[in-house]
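Each value in this text was obtained by applying a stated rule to the coordinates, not by laboratory testing. All figures in this text were calculated on a predicted structure; none of them were measured in a lab. Neighbour counts are summed over all protein chains in view; Cβ atoms, including those assigned to glycine, are modelled from backbone coordinates with ideal geometry.
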Amino acid sequence: MGQTKLLRIEDFKNPNFKELVENKNKLVHTFGALAELGHEVASRSNFQETIRTSLHLVLGSLGIMRGGVARYSRFEHELNMLAVRGLGDFFPLSLELCYEDERQFLTNGLHPIEISQASVLPFFQVYDRTFENTKLELFVPLVISDEAVGALFLGEKASGEPYTNYDREVICAMGRHIGSAIAQRNLLSEIERRSDENRKLYDDLKMTYADTVKAFAAAIDCKDKYTEGHSVRVGKYSEIIGNELGWDADKIEGAAVAGYLHDVGKLTVERKIINAPYRINAKESAELNKHPAVGFEILSPIHHPYTDVPLAAKYHHERLDGHGYPDGLYDRQIPYIAKVVNLADSFDAMTTDRPYRRRRPAADVFDDLQRNAGKQFAPEIVAAFFRGILKELNGEVKDKKFRKLLGREYMEADGLAVSLRTSLNSMTPTSSLTRIKAA
Amino acid sequence: MNTEAVSLSPAGVKTAVVYADDYLNKLTGEKIERECRQRLDEGCTELIVDFSRTEIVNSIGVSILLGVIDSAANAGAKVVFSEVNENTAELFDMLGVSRHAKIVGQ
């Protein structure tokens, strides 16, 4: 084990001692700058600010009068200045590189190049005068993982002395930090770009999906001349309900899709049953009542961007009191989306003409919905639907969806708003069935 | 940091005194740089940066002071760093700052 050497009086008289102390101070100062630079690069603060600070640290650590940091754009073969100090107003903001320059810089790696000795490269020939006028002495290609990401431009030292090997080592170390910051930023920009592309692709896919859904809805509605537009209307009513229930945009879109596709199973039901101009018999009714289960089978293998679309098709004829079909489910056993579509579907059935009857007056329909809240329909869904209608009647919404779907005359029947408000006030937020179950 | 009003000496030298804070880093340094530039634009021919309250000058501080020196040189003005403590004076000496500005110790 070595012994610690104590300093003696003679040591202080040694001419090398001053140099030793100065070197120690230099080391401490440089080490401080390197530590600060590392912290700055890792701090994830504003990129532009990080580069500006980095330049300060390089210049201040070695006492360099002027300099700049540039980012390399490999698509445009340009060095774009990110930060400059003391280079004057006429220093170019972008400097072009040719293929040969880039190749040489990559070969050179992250080592300072003496500008006065590098006139063989086109880059230094082109900008010869600029570098001379701004008293730039060193050019440092910032090469990170075999990729040119930028460059450092450094002017003369304040001491007037030439750059030493020690200075070059320090510059290399600091350049590596700055280069990493630029590479990180490039990576982030690339991720953002790809993320934007993916978002666009996803939006396109969603649009294609929406168009396909609408085409399906039109195909379903085509089978029945009396219920033309039924699926689209059910989709729109479901959307209104979702909105009133405070759902997020995705969930509301999902509700609309569930509405559009709820009757997809009818595609397999004979047209004569669907279009029968009379009340259908028990056999025909059994055939028609298969459509929810068939719809579920059609929709299940599809990967929908929204959940529960197949469930809405399967259970949109279930009732809270268990008297619905196909499974006679009871209140909470019924998927919520199916309850929403059930109300929208029933409302449309009551408010459109059928081969065997005319549509019912609005007041009559709303009265029916209120009476059946807690039996067929979930009360809070009926309430949400009433709120949506009331908002339109009170002029609180610009888009008059109900008026467009049902006609102005129908929606402006006398006393409709008052009766709706009364119904809404008298409704309990949960169904009696739910309360019994909870108790 | 604050600035003493610009004074005019009998010889016609317009002098401004700028006071540095206890720690000369980016935030305080940039304030000094802005202040000095403003004084130079106003026609000051001598800038005195007073370091009497300054304990530490880091690398960013050095870079900013070199910027002040450069701006002053371009404007034909002299720069004096006054009331500089021993450590900072050594730092200025080591980095060659003292070649471009007069350093006056505490």
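Taking only the Cα atoms of the range A:35-157, how large is their convex hull per residue, in Å³?
Here the figure is 107 Å³ per residue.
How much net charge surrounds A:Pro122 when only the other residues with a Cβ under 12 Å from the Cβ of A:Pro122 are counted, with Lys and Arg +1 and Asp and Glu -1?
So the environment of A:Pro122 carries a net charge of -4.
Per residue of the range A:48-64, in order, report the coupling 6.51 cos²θ - 1.76 cosθ + 1.60 (Karplus, θ = phi - 60°) as ³J(HN,Hα) in whole Hz, putting x for Gly and Pro.
4, 5, 4, 5, 4, 5, 4, 5, 4, 5, 5, 5, x, 5, 10, x, 9
Between B:Ser82 and residues 5 or more places away or on another chain, which pairs have amide H atoms under 5 Å apart, with H built 1.01 Å from N, and which residues are they?
B:Val49, B:Asp50, B:Phe51, B:Val104
In square nanometres, what is one fourth of the surface area of the convex hull spanned by the alpha carbons of the range B:21-106?
Approximately 4.6 nm², given one-decimal rounding.
Would you work out the charge dipole size for the protein assembly as shown about its Cα centre, treating the Cβ of every Lys and Arg as +1 and the Cβ of every Asp and Glu as -1, and quote it to the nearest 20 debye?
Using only the charged Cβ atoms, the result is roughly 2520 debye.
At 0.36 nm per residue, minus the direct Cα-Cα distance, what do A:Asp321 and A:Arg421 gain on full extension? Give it in nm, one decimal, please.
Working it through step by step, the gained length comes to 33.4 nm.
Just want the answer: with Cβ charges of +1 for Lys and Arg and -1 for Asp and Glu, which residue in A:His39, A:Tyr127, A:Pro292 is farthest toward the dipole's positive end in chain A?
Value computed over the given set: A:Pro292.
Please report the projected area of the range A:174-256's Cα convex hull averaged over all directions, in nm².
That works out to 7.4 nm², a quarter of the Cα hull's surface.
How many times 2.2 N^0.38 Å is the alpha carbon radius of gyration of the range A:76-124?
My calculation over the Cα atoms of the range A:76-124 gives 1.23.
Which net charge results for the neighbourhood of A:Asp203, defined as the other residues with beta-carbon distances under 14 angstrom from its beta-carbon, given Lys and Arg at +1 and Asp and Glu at -1?
Net charge in that neighbourhood comes out at -3.
Give, in nm to one decimal, the length gained when the segment between A:His77 and A:His303 is fully stretched (0.36 nm per residue of separation minus the Cα-Cα distance).
This chain segment gains 76.9 nm when fully extended.
Please compute one quarter of the surface area of the Cα convex hull for the range A:167-216 and express it in square nanometres.
3.0 nm²
Restricting attention to the range A:26-82, which GluC sites (Glu not before Pro) occupy a DSSP loop and are surrounded by at most 16 other Cβ atoms within 10 Å?
Here the GluC sites (Glu not before Pro) that fit, given the DSSP loop and packing criteria, are A:Glu76.
Sort A:Ile144, B:Ile69 so that the residue with the fewest other Cβ atoms within 10 Å of its own Cβ comes first and the one with the most comes last.
Lowest count first: A:Ile144, B:Ile69.
If you filter the range A:292-361 for trypsin sites (Lys or Arg not before Pro), then keep DSSP loop positions with at most 10 other Cβ within 10 Å, what is left?
Of the trypsin sites (Lys or Arg not before Pro), the ones in loops of the range A:292-361 whose Cβ has at most 10 other Cβ atoms within 10 Å are A:Arg358.
So, with +1 on the Cβ of K and R and -1 on the Cβ of D and E, and no other charges, what is the size of the charge dipole of the range A:14-191 about its Cα centre, to the nearest 20 debye?
520 debye
Taking only the alpha-carbon positions of the protein assembly as shown and ignoring solvent, what does the Debye formula give for the base-10 log of I(q)/I(0) at q = 0.05, 0.10, 0.11, 0.12 Å⁻¹?
The computed values of log10 I(q)/I(0) come out as -0.48, -0.79, -0.90, -1.03.
May I ask you to compute the full-extension gain from A:Arg371 to A:Cys172, defined as 0.36 nm times their residue separation minus their alpha-carbon distance, rounded to one decimal in nm?
Taking A:Arg371 through A:Cys172 to full extension adds about 63.5 nm, to one decimal.
With the contact rule set at Cα under 8 Å and sequence spacing of 6 or more, what percent relative contact order holds for chain A?
9 percent
How about B:Lys26: which aspartates and glutamates have a C-alpha closer than 20 Å to its C-alpha, ignoring those fewer than 8 places off in the same chain?
Result set, ordered by chain and number: A:Glu36, A:Glu40, A:Glu49, B:Glu35, B:Asp50, B:Glu55, B:Asp70.
Rounding to the nearest 20 debye, state how big the charge dipole of the range B:14-105 is about its Cα centre with +1 on each Lys and Arg Cβ and -1 on each Asp and Glu Cβ.
With only Lys, Arg, Asp and Glu charged at Cβ, the dipole is about 300 debye.
Could you pull out the pairs from A:Lys251/A:Lys314; A:Lys251/A:Lys290; A:Lys214/A:Lys400 whose alpha carbons sit more than 25 Å apart here?
A:Lys251/A:Lys290
Based on the alpha-carbon set only, what is the convex hull volume of the range A:265-307 divided per residue, in Å³?
81 Å³
Just tell me how shielded B:60-73 is by partners: mean number of partner chain Cβ atoms within 10 Å of each residue's Cβ, no decimals.
6
With the cut-off at 23 Å, tell me which of the pairs A:Lys236/A:Lys266; A:Lys266/A:Lys339; A:Lys26/B:Lys78; A:Lys135/B:Lys14 have Cα atoms farther apart than that.
A:Lys26/B:Lys78; A:Lys135/B:Lys14
Taking every pair of alpha-carbon atoms in the range A:223-438, what share in percent sits in each 10 Å bin, from 0 to the bin with the longest distance?
Per 10 Å bin, starting at 0, the Cα pair percentages come out as 8, 34, 38, 18, 1.
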